[in-house]
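Report on one structure; see the data block that follows.
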Amino acid sequence: MRRFVMGVVMAMLAIGSAGAQTVRIAQQFGIGYLPLFVMRDGALLEQEGRARGLNLTVEWVQLTSSAPINDALLAGDLEFAGGGVGPLLTMWAKTQANLKVKGVAALNAMPMWLTTTNPNVHSIRDFGDNDRIALPAVKVSVQAVTLQMAARQVFGPGEHARLDRLTVSMGHPDGMAAMLMGHSPISAHFTAAPFMYQEAAVPGVHVVLNSYDVLGGPHTFNAMWTTTRYHDANPAVVAAFLAALERSMALIRAHPDQAAAIWLRAERSSMPADQAAAMIARPENEWTTAPRKVLSYARFMHEIGAIPVAPERWQDVFFPELTATDGS
């Protein structure tokens with residue numbers, strides 16, 4: 001009898017192992033990815049998977065820009081990619097004829113600030129040949145696209161690329177360090193929370209540009225995306241992911257102090273916990289899966305030739321699960 005029972009147990013374990021499904025998720029650094037940090041810390045995706053009869057093993061990858069993340073998604077080495085709106089729209093347009101990448105959800109609506117140590121720069125009109133602006137990826141990051149939008153607004157039609165020659169690709173931590181060290185050509189940094197708040201608090205640093213002013217209000221900063229093939233083949237995983245994301249955001253909204261502690265542990269930050277919690281709870285930072293002003297970005301990128309096709313509606317860029325949200 002014991003031998004029989006052991007055989008049944010081993011068979012059940014084998015079935016459970018065979019049914020295991022690996023989900024690989026890529027993200028970047030910063031508070032903008034807080035919902036993913038909370039999801040990871042609480043194993044929320046695994047929990048939501050079990051509630052749907054799934055045995056999920058989640059692997060997390062953290063990189064400094066969307067370019068290698070998108071390369072990994074195209075190579076089939078990721079299931080979910082996370083990054084800025086610019087890289088999402090680039091992938092959406094680039095893969096219309098094959099993988100049909102679309103957004104799964106927004107991660108937030110958050111501003112980006114362009115800060116500088118140059119006392120002579122009070123608007124983007126004042127940048128000169130000796131200035132260099134660090135941002136995550138030249139021309140394709142959401143910061144780069146927003147800077148182009150601002151340049152067209154300030155300098156006029158056809159002048160969107162006026163400042164591209166001054167931009168340098170750097171991850172957020174490296175860009176902040178390069179600008180603040182004072183011995184680098186980098187005199188400005190177009191970045192996001194927490195880096196922009198930290199920079200603005202340093203004597204001699206001031207804000208030149210706020211992305212909310214450029215877009216005319218709150219906009220999505222980060223989002224998650226995947227291929228249509230994966231989405232259609234794994235509806236239960238996608239549903240579990242969205243449910244886990246909503247739980248993460250509910251915790252962030254209700255308990256910013258708890259969310260701050262999770263983020264500080266994950267990024268091994270020495271920032272005071274109350275300071276991190278205050279950043280998370282700032283009124284300009286909205287924790288929502290609903291896209292904000294994605295269509296504004298898409299239309300601009302199409303007009304300047306950055307993407308070959310423009311969506312008619314924001315819903316064209318995201319999978320149907322989000323179409324009932326109050327997106328834009």
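Data overview
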item	result
Cα centre as origin, Lys/Arg/Asp/Glu Cβ charges: the chain dipole, Debye	680
Prolate/oblate/rounded call for segment 188-318, Cα gyration tensor, a/c under 1.5 rounded	oblate
Cα-centre dipole for segment 113-215 with unit charges at Cβ (Lys and Arg positive, Asp and Glu negative), debye to 20	160
Beta bridges per DSSP with both ends in segment 113-215, % antiparallel, nearest 5	55
Rounded if a/c under 1.5, otherwise prolate or oblate - segment 13-146, Cα gyration tensor axes	prolate
Identified option (computed semi-axes √(5λ) of the Cα gyration tensor in Å; candidates [x] 29, 24, 18; [y] 41, 22, 16; [z] 38, 23, 17)	[z]
Segment 61-132 and segment 242-293: distance between their alpha carbon centers, rounded to Å	20
Per DSSP, loop trypsin sites (Lys or Arg not before Pro) in segment 261-317 with at most 14 further Cβ within 10 Å	ARG268, ARG313
On Cα atoms only, tilt of 85-94 relative to the major axis of the chain in degrees	70
Burial ordering of SER269, SER296, SER123, fewest other beta-carbon atoms within 10 Å first	SER123, SER269, SER296
Rg ratio (alpha-carbon, reference 2.2 N^0.38 Å) - segment 113-215	0.95
Net dipole in debye of segment 193-328 [+1 Lys, Arg Cβ; -1 Asp, Glu Cβ; about Cα centre; nearest 20]	180
Cα point-scatterer Debye curve for segment 78-168, base-10 log of I(q)/I(0) at q = 0.16, 0.22 Å⁻¹	-0.75, -1.13
Extension gain from ARG299 to HIS255, taking 0.36 nm per residue of separation minus the Cα-Cα distance	12.2 nm
MRE, 222 nm, helices only [DSSP H, n ≥ 4, -39500 (n - 2.57), over the chain, to nearest 500]	-13000 deg cm²/dmol
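Any read-out appearing in this document is the output of simple, stated calculations on the displayed coordinates, not a laboratory observation. Just so it is clear, the model here is predicted, and its values are computed rather than measured. So basically every Cβ, Gly included, is an ideal-geometry build from the backbone, and we count neighbours across all protein chains shown.
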